[in-house]
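For reference, the structure is listed below as C-alpha cells.
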Amino acid sequence: MKEEYTVDFEKAKLFPRIVNVNVMAGRCPCRCVHCPVGTVAPEDRLKRFGSKEMSLGLFARIAEEISLHEGSMMRLHSVGEPLLWNNLPEALSILREYGTDSWLFTCAVTRAGTLLSALCESVSIIEVSVNASDADGYRATKGIDAFDVVSENIAFLSGYIRRNGLKTRLLLSRVQTDDEKADERFIAYWRDKDVAADVFVRSYHNYNNILDIRGEAGVKEPCLVHWARASVDCDGAMVCCFNELFKAYTEDVVLGRIDGDTNIARIWNGEKLAAIRSCDRSGDFSPLAFDIPCKNCRTCQPIDTKKETSEKQLETISRCREA
C-alpha cells in the first residue's frame, strides 16, 4: 500500500523547502524522450539552450543562505547533466564547508569514480534517473546504450555509502509512462537489488507545454511550486517555475535576481511572488500586470497530493535524523 503524504507548507512560509539551482545548460550524454534537452539533437543543443554555467561565487552565496534555514535543501539540477558542470568538484567542497543539505539529480553516465565518491561524501541525496530495469528499456527511454555503466555506478554508489557509514540517501527514479505494468516492474526490479534507499516513479510532466501532454490534460489547480520551491538560473535570476529554464524566458517570469543585498529570502517574500500566489489560489491570473505560463499550465504539482514529491524525501530525511 502506497504511503499517503501531503506537503507541509507551514515550513516554507519564510523560505522555500527546495531551491532548484540550474548550474549549467546544454550538455548531456542522454537523449531522453521525456526531457526537453534529450529531445533536441546533440548538435543543436548549444544553439537551443546556450552554454552558460553558474559561477562558484554565486553558488557559494546560495549554498550559505540555504544552510541557514533548517529543513531547506539545495537541489543541484541543470538544463542538462550536472556531472558535466566544470565547477562541480569545487562546488561539492563548498557544500561540505557550509554543511548545506543538497540533492543532486543525475543520469550517472560517467566513468569518473572519483567524482562519484565525492558525491557520496558531499550531498544529502543522490538521485539517479536510471529509468529502466534492462538495456532495451534504457535504450528506448534514455536514447543511448549505457544501462550497464549506470548499473555499475549505482552499485558503486550504494557500496561506497554503506562501507563508509554515510547518511547519503541514494534514490533511483523513472519517469511515468503509459505502461503501468512496466512502471511497476521498474520498482520491483530495483527494490529487489537492495541498492537504494528508495525507488519510485516520478509523474510525467510536459515542461510547461514544451513536450506533449500524455492522456487528458488535468484541470487548473493551485501548484505547490509557488508555495514550497524556488528555482534559480545560472546568472542568479529566480524564476516562477523551473520548467521556464528550458526556454528563452522573458522578464515576466523572473521574480528577482540574487545580486547585491537581494537574496532568496527577500525574493521569496516579495510582492511579485505574493501576487502570483494570490492568483494561484483563486485560479484567476487576469489581475497580473505581467504574463506567466501558470495560467495555461495543466501539468502542475498539485498542492493537495499523494503523488511522489521531492518534499516527501525531505521529510524522510528529517525523520531519520530525529530517530
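The values are calculated or read from the model by the stated rules, or taken from the named source; none is laboratory data. All of these numbers come straight from a predicted model, not from anything done at the bench. Ideal geometry is used to build each Cβ from the backbone, glycine not excepted, and the neighbour counts take in all protein chains shown. Heavy atoms of the whole protein, side chains included, go into the accessibility calculation; ligands, DNA and RNA do not. Shrake-Rupley method; radii C 1.70, N 1.55, O 1.52, S 1.80 Å.
Taking the condition of being β-branched (Val, Ile, Thr) and open to solvent by 20 Å² or more (accessible area, probe 1.4 Å), how many residues in the stretch 100-111 meet it?
First pass over the stretch 100-111, keeping only residues β-branched (Val, Ile, Thr): 100, 106, 109-110.
Now restrict to residues that are open to solvent by 20 Å² or more (accessible area, probe 1.4 Å): 109-110.
Summing the residues that are β-branched (Val, Ile, Thr) and open to solvent by 20 Å² or more (accessible area, probe 1.4 Å) in the stretch 100-111 gives 2.
Are there any helices (runs of 4 or more DSSP H) wholly within the stretch 1-99 with 3 or more residues that are surrounded by 15 or more Cβ atoms within 10 Å (Cβ to Cβ) and in contact (Cβ under 8 Å) with a residue 40 or more places away in the chain, and if so which?
Details: elements: 45-49, 56-67, 88-98.
By residue number, 56-67.
Which of the residues that make up the stretch 92-133 are farther than 30 Å from Asp179 by Cα, of a type in the set (A, V, I, L, M) and in contact with a strand residue (DSSP E or B) (Cβ under 7 Å, 6 or more places away or on another chain)? Explain how you work it out, then say what you get.
Step one: filter the stretch 92-133 for residues farther than 30 Å from Asp179 by Cα, giving 92-102, 111-124.
Next cut, of a type in the set (A, V, I, L, M) only: 92, 94-95, 112, 115-116, 118-119, 123.
Residues satisfying the conditions are Leu95, Leu119, Val123.
Between Trp190, Trp268, which is open to solvent by less than 60 Å² (accessible area, probe 1.4 Å), at pLDDT 90 or above, within 16 Å of Arg75 (Cβ to Cβ) and among the aromatic types (Phe, Trp, Tyr)? Talk me through it step by step, then tell me what you get.
Numbers: Trp190 fails: within 16 Å of Arg75 (Cβ to Cβ).
Being open to solvent by less than 60 Å² (accessible area, probe 1.4 Å), at pLDDT 90 or above, within 16 Å of Arg75 (Cβ to Cβ) and among the aromatic types (Phe, Trp, Tyr) holds for just one of Trp190, Trp268, which is Trp268.
Does Thr114 qualify as being of a type in the set (Ser, Thr, Tyr), more than 14 Å from the chain's Cα centre (by Cα) and buried (at least 19 other Cβ atoms within 10 Å of the Cβ)? Outline the logic, then answer.
On the way: of a type in the set (Ser, Thr, Tyr): yes; more than 14 Å from the chain's Cα centre (by Cα): yes; buried (at least 19 other Cβ atoms within 10 Å of the Cβ): no.
In short, no.
Take Glu4 and decide whether it is modelled with pLDDT of 95 or more and of a type in the set (Asp, Glu).
Numbers: modelled with pLDDT of 95 or more: no; of a type in the set (Asp, Glu): yes.
Answer is no for this residue.
Which of the numbered conditions does Val195 fail, given that it passes all the others? Conditions: (1) assigned to a loop (DSSP other than H, G, I, E, B); (2) in contact (Cβ under 8 Å) with a residue 40 or more places away in the chain; (3) within 25 Å of Val33 (Cα to Cα).
(3)
For the condition touching a Leu at 6+ places or on another chain (Cβ under 6 Å) and not β-branched (Val, Ile, Thr), what is the one hit in Gly38, Gly26, Gly80?
Working: Gly38 fails: touching a Leu at 6+ places or on another chain (Cβ under 6 Å); Gly80 fails: touching a Leu at 6+ places or on another chain (Cβ under 6 Å).
Among Gly38, Gly26, Gly80, only Gly26 is touching a Leu at 6+ places or on another chain (Cβ under 6 Å) and not β-branched (Val, Ile, Thr).
So which residues in the stretch 19-52 are aliphatic (A, V, I, L, M) and under 30 Å from Arg257 (Cα atoms), if there are any at all?
Going residue by residue through the stretch 19-52, those that are aliphatic (A, V, I, L, M) are 19, 21, 23-25, 33, 37, 40-41, 46.
Within the stretch 19-52, Val19, Val21, Val23, Met24, Ala25, Val37, Val40, Leu46 meet the criteria.
Restricting attention to the stretch 246-265, report how many residues are of a type in the set (Gly, Ala, Ser) and open to solvent by less than 50 Å² (accessible area, probe 1.4 Å). Reasoning before the result, please.
We begin by selecting, within the stretch 246-265, every residue of a type in the set (Gly, Ala, Ser); these are 248, 256, 260, 265.
Retained after the next criterion (residues that are open to solvent by less than 50 Å² (accessible area, probe 1.4 Å)): 256, 265.
Of the residues in the stretch 246-265, 2 are of a type in the set (Gly, Ala, Ser) and open to solvent by less than 50 Å² (accessible area, probe 1.4 Å).
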